[in-house]
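Q: Next up is a structure, given as structure tokens.
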Amino acid sequence: MSTIAVENVNLHHGLLHAVRDLSLSVASGEVVALVGANGAGKTTLLRAIAGAHRPTSGKILLDGADITAVPGHQRVGRGIALVPEGRRLFAQMTVEENLLLGRMAGRPGPWTVDKVLETFPNLVARRTARAATLSGGEQQATAIGRALMSNPSVLLLDEVSLGLSPIAVDRVYESLGALMRSGTTIILVEQDLSRAMRVAGRVICMLEGRVALEGPTASLERERVTQAYFGLGHQARALA
Ligand code: ATP
């Protein structure tokens, strides 16, 4: 299992300064929820950890080794897998083919197509169906399964509940439960704050590219996180 550290990272989209001098570390086996309003920089940060977005400055470390210059496909081989926002499946390929793609750049390990189907039983009957014909929940399960097929020690999940029915979200999180307890290091971007605080051991709240608040879930009141989420700390204190 692996630790991730981000040290004084700055990330830009052209002139837009999306992540500002941000540092954080995630311990081996920890489940951290990264929350924050739209545009806070969560996706950009996850993509930088996965190697899909090059920092303007700062460092990204995996188990203490500087991987800032390591390209994304090699990071998969070192155990970092990203489940991207919007799932990004190959629509004309079957579930099984999409899963097998996850194997290509990954590491040797226990994950097989059958093990993914055991973890996501809703995919069993859809094994040979094209991804384009899947429901949102089935697509999400396939996207997570594809990431698992690379045998990650660090799993980055970007808004896995987006666009899913409440039942499909419950199903996805139920399947993720075992993984969260298995020692895989997980950074989870989740819009549903209540769910994020239920599943994660620690919450990091981003606001305008910076960490506005972080702490163990057990010691954070939901109201404080909501205030940090919207940058309302000062107004809320002034109103009290
Ligand atoms: P969301 O919840 O909406 O996905 P987020 O916290 O993940 O938000 P990012 O998607 O990382 O935030 O966006 C951070 C900032 O970077 C925003 O101001 C966004 O408009 C901008 N941004 C993101 N992607 C691009 C891009 N490809 N080109 C230009 N600007 C971008």
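The values are calculated or read from the model by the stated rules, or taken from the named source; none is laboratory data. What you see is a predicted model, and the numbers here were worked out from it, not measured in a lab. Cβ sites come from the backbone with ideal geometry, for glycine too, and all protein chains shown count toward neighbours. Areas reflect the complete protein model, heavy atoms only, side chains present, ligands, DNA and RNA absent. Shrake-Rupley method; radii C 1.70, N 1.55, O 1.52, S 1.80 Å.
Q: Going through the range 55-71 one residue at a time, which ones are in a loop (DSSP other than H, G, I, E, B) and of a type in the set (A, V, I, L, M, F, W, C)?
A: Taking the range 55-71 first, the residues in a loop (DSSP other than H, G, I, E, B) are 55-56, 63-64, 67-71.
Matches in the range 55-71: Ile67, Ala69, Val70.
Q: Could I ask something else about it? Checking Leu45 against (1) assigned to a strand (DSSP E or B); (2) open to solvent by less than 20 Å² (accessible area, probe 1.4 Å); (3) within 9 Å of the ligand (Cβ to nearest atom); (4) not β-branched (Val, Ile, Thr), which test does it fail?
A: For Leu45, the exception is condition (1).
Q: Output the residues belonging to the range 1-31 that are more than 11 Å from Leu61 (Cβ to Cβ), open to solvent by 10 Å² or more (accessible area, probe 1.4 Å) and β-branched (Val, Ile, Thr).
A: Correct list: Val31 only.
Yes or no, residue by residue, for (1) crowded, with 18+ Cβ neighbours inside 10 Å; (2) closer than 17 Å to Ser153 by Cβ:
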position: Leu61; (1), (2): no, yes
position: Val70; (1), (2): no, yes
position: Ala91; (1), (2): no, no
position: Val95; (1), (2): yes, no
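Q: Give me the pairs: first residue in the range 187-205 and free of Cβ contacts under 8 Å to residues at least 24 places away in the same chain, second residue not in a helix (DSSP H, G or I), beta-carbon distance under 9 Å, and six or more apart or on different chains, which are they?
A: Within 9 Å, no pair qualifies.
Q: Something else about it: Return the residues of the range 72-89 that are open to solvent by less than 60 Å² (accessible area, probe 1.4 Å), part of a loop (DSSP other than H, G, I, E, B) and away from the ligand (no atom under 16 Å from the Cβ); say none if nothing qualifies.
A: Within the range 72-89, Gly79, Leu89 qualify.
Q: Kindly indicate which of Ala52, Ala40 is within 16 Å of the ligand (Cβ to nearest atom), within 20 Å of Arg103 (Cβ to Cβ) and either assigned to a helix (DSSP H, G or I) or under 18 Å from the mean Cα position of the chain (by Cα) (or both).
A: On the way: Ala40 fails: within 20 Å of Arg103 (Cβ to Cβ).
After ruling out the rest, the residue left standing is Ala52.
Q: Looking at this structure, is Ala37 at pLDDT below 95 and open to solvent by 20 Å² or more (accessible area, probe 1.4 Å)? First the steps, then the outcome.
A: Numbers: at pLDDT below 95: yes; open to solvent by 20 Å² or more (accessible area, probe 1.4 Å): yes.
So Ala37 passes the test.
Q: Check off (1) within 16 Å of the ligand (Cβ to nearest atom); (2) farther than 28 Å from Ala196 by Cα; (3) among the aliphatic types (A, V, I, L, M) for Val6 and give me the number that stays unchecked.
A: Going through (1) within 16 Å of the ligand (Cβ to nearest atom); (2) farther than 28 Å from Ala196 by Cα; (3) among the aliphatic types (A, V, I, L, M) one by one, Val6 breaks only (2).
Q: Gln92 versus (1) assigned to a helix (DSSP H, G or I); (2) over 19 Å from Ile187 (Cα atoms): which is the lone unmet condition?
A: Here Gln92 clears every test but (1).
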